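**Q** Let me begin by handing over the structure; questions about it come next.
The values are calculated or read from the model by the stated rules, or taken from the named source; none is laboratory data. Computed from a predicted structure; not experimentally measured. Every residue, glycine among them, receives a Cβ derived from its backbone with ideal geometry; neighbour counts consider all protein chains shown.
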Amino acid sequence: MNTVNILAEKKILLGVTGGIAVYKAVELCSKLVQARANVQVLMTRSAQKFVQPLTFGAMSGRPPITDLWQLYQGDKIGHVTLAHEADLFIIAPLTAHTLARLAQGMADGPITATALSTRAPLLIAPAMESNMWEHPATQANLQLLVGRGATVVGPEAGRLASGKIGRGRMTEPAVIQEHARMVLGRTGPLSGLRITITSGGTREWVDPVRFMGNRASGKMGVALARMARDQGAQVNLIYGAMSVEPPLGVNLVEAIRAEDMLRATLDLLPDTDILISAAAIADFRPVTTHGSKLKKESGRGIQLERTPDVLKAVAEQRAKLGMPKLVVGFAAETSDLITNATRKLESKSLEMIVLNDITAADAGFGVDTNRVTILTRDGAAETLPLMDKEEVAFNILHRIRGLLGAQSIGWSPGIGSVISS
Ligand SMILES: Cc1cc2nc3c(=O)[nH]c(=O)nc-3n(C[C@H](O)[C@H](O)[C@H](O)COP(=O)(O)O)c2cc1C
């Protein structure tokens, strides 16, 4: 089993209660199953008025549990077994009614009884009319659950089933799924580490309309941020121009010019254990940024100057601060790949450099896959096969963990290994 996907093989209980948003729980169930989670649906009687158990059964491959007594199988008390084995309990949608029963510690149905019996983290997505949501009783019940460690997602503001505009819509299934990844990852192998990642491409302004940029999409940096988050790290994502959305649950810092990247990176350095510089930072910028749009005739011969060297400045600061513990760079090269990357590894005092061959159509800028060679200080060069950027990110983080464990010296896993368990 490939462990890149944190949801794979996880035992997830999905409690579905009786609100209009039950139809969205069908999509959530489908997404979790597609992510290869083992999903067991539990439904209240009211939930079954909105959607037949059959729909969830077909989706999850297991009949939903609709009655507490249905779980009793002679030798095993079903809800206790389920509760003990679960990795995560999601309740979506969560009605005001079941919220109140959970807050009171009642155990009168499969969802409430299992919630009391489990020690798995509880992720709830309330959904109801805005007046129900805002009612002091609902808010007090919610605070009780939060105080006991539940993670609450939503509800969102927008158009409600009644036609009214207000807060009460269930959060979209894709977002709940991201939160599930985060909750599952909290105690992961990178928990307690602060990782700062730079991502995307910089833009250097010629005038108010034009800029010098590059082809970086931010996909690699975003994949790293997401994977690090999924493994419990506290992540800062310093991002320039990107064509992808940054992940949820990370601290975002926008930095468009090389100068901004430098400032943001140095500011975060004292609180960074690991820095991964995946952004494509411009080496040159126009000497002058014109205040008004340049005319055609004056565009000839724009003068360029060097931008600040972020990794060099990091190396200098690091010598004073003793932080970060580890710095990883990226090299996008078109020729003399290993020689150029090795030179950068040494000159910037990096522990690791990830080399992209950007001449390949299926690797590097803009695409979802990458083919990289990972070089470390001990002279090891490991080429990974073509893989999804999240898989590349997972492999990089795995090797970072190895370097931290080996105190930056001499750690080298086998050539081209894909991590699995
Ligand atoms: C058409 C209809 C829609 C409802 N939608 C919601 C809702 O979105 N949220 C909610 O908290 N209750 C909603 N209710 C009320 C619940 O169904 C009711 O409180 C029920 O007792 C909840 O039971 P359960 O929490 O055991 O599923 C709705 C009721 C009806 C008839």
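**Q** Would you say G166 is crowded, with 16+ Cβ neighbours inside 10 Å and out of contact with any helix residue (DSSP H, G or I) (no Cβ under 9 Å at 6 or more places or on another chain)?
**A** no
**Q** Further, regarding this structure: Of everything in the range 117-154 that's of a type in the set (D, E, K, R) and within 15 Å of the ligand (Cβ to nearest atom), which residue is surrounded by the most Cβ atoms within 10 Å (Cβ to Cβ)?
**A** E129
**Q** Another question about this same structure. Which of the residues spanning the range 13-38 are surrounded by 24 or more Cβ atoms within 10 Å (Cβ to Cβ) and more than 28 Å from E129 (Cβ to Cβ)?
**A** Within the range 13-38, just A37 meets the criteria.
**Q** While we're on this one: More than 12 Å from the ligand (Cβ to nearest atom) and outside any strand (DSSP E or B): which single residue out of A157, A174 fits that description?
**A** Being more than 12 Å from the ligand (Cβ to nearest atom) and outside any strand (DSSP E or B) holds for just one of A157, A174, which is A174.
**Q** May I pose another question? Give me the strands (runs of 3 or more DSSP E) completely within the range 215-290, filtered to those with at least 2 residues that are modelled with pLDDT of 95 or more and either surrounded by 19 or more Cβ atoms within 10 Å (Cβ to Cβ) or outside the structural domain of R399 (by TED's automatic domain parsing) (or both), ordered by residue number.
**A** Those strands (runs of 3 or more DSSP E) span 234-239, 274-277.
**Q** Within the range 35-46, identify whether any single residue is touching a Ser or Thr at 6+ places or on another chain (Cβ under 9 Å), assigned by TED's automatic domain parsing to the domain that holds S162 and among the hydroxyl-bearing types (S, T, Y), and answer yes or no.
**A** Yes, because at least one residue in the range 35-46 is touching a Ser or Thr at 6+ places or on another chain (Cβ under 9 Å), assigned by TED's automatic domain parsing to the domain that holds S162 and among the hydroxyl-bearing types (S, T, Y).
**Q** Let me ask something else. List the number of the failed condition for L190; all other conditions in (1) assigned to a loop (DSSP other than H, G, I, E, B); (2) over 15 Å from the mean Cα position of the chain (by Cα); (3) of a type in the set (A, V, I, L, M, F, W, C) hold.
**A** (2) is the only condition that L190 fails.
**Q** Considering the range 132-154 alone, what residues qualify as being assigned to a helix (DSSP H, G or I), in contact with a strand residue (DSSP E or B) (Cβ under 8 Å, 6 or more places away or on another chain) and not β-branched (V, I, T)?
**A** Passing the criteria: M132, W133, E134, L142, L145.
**Q** For the range 365-390, which positions are acidic (D, E) and part of a loop (DSSP other than H, G, I, E, B)?
**A** Of everything in the range 365-390, those that are acidic (D, E) and part of a loop (DSSP other than H, G, I, E, B) turn out to be D368, D378.
**Q** When the range 286-314 is examined, which residues are found to be within 27 Å of N370 (Cα to Cα) and out of contact with any helix residue (DSSP H, G or I) (no Cβ under 9 Å at 6 or more places or on another chain)?
**A** The answer is none; no residue qualifies.
**Q** Could you say whether any residue in the range 201-211 is under 30 Å from A279 (Cα atoms), aliphatic (A, V, I, L, M) and crowded, with 17+ Cβ neighbours inside 10 Å?
**A** Checking the range 201-211: at least one residue is under 30 Å from A279 (Cα atoms), aliphatic (A, V, I, L, M) and crowded, with 17+ Cβ neighbours inside 10 Å.
Yes/no per residue for (1) on the phi < 0 side of the Ramachandran plot; (2) in contact (Cβ under 8 Å) with a residue 24 or more places away in the chain; (3) of a type in the set (S, T, Y):
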| position | (1), (2), (3) |
| --- | --- |
| G322 | no, no, no |
| K325 | yes, yes, no |
| G329 | yes, yes, no |
| S335 | yes, no, yes |
| T339 | yes, no, yes |
| I353 | yes, yes, no |
| N356 | yes, yes, no |
| A360 | yes, no, no |
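**Q** If T3 passes every condition in (1) at pLDDT 95 or above; (2) more than 16 Å from the ligand (Cβ to nearest atom) but one, which one does it miss?
**A** Only one criterion is unmet by T3, namely (1).
**Q** Taking the residues in the range 85-106 that are away from the ligand (no atom under 11 Å from the Cβ) and within 16 Å of N141 (Cβ to Cβ) as candidates, determine which candidate is nearest to the chain's Cα centre (by Cα).
**A** Out of the qualifying residues, it is A103.
**Q** Still on this structure, please answer the following. Out of the residues in the range 33-52 meeting the condition of being more than 18 Å from A113 (Cβ to Cβ) and more than 27 Å from the chain's Cα centre (by Cα), tell me which one is farthest from the ligand (Cβ to nearest atom).
**A** Q52
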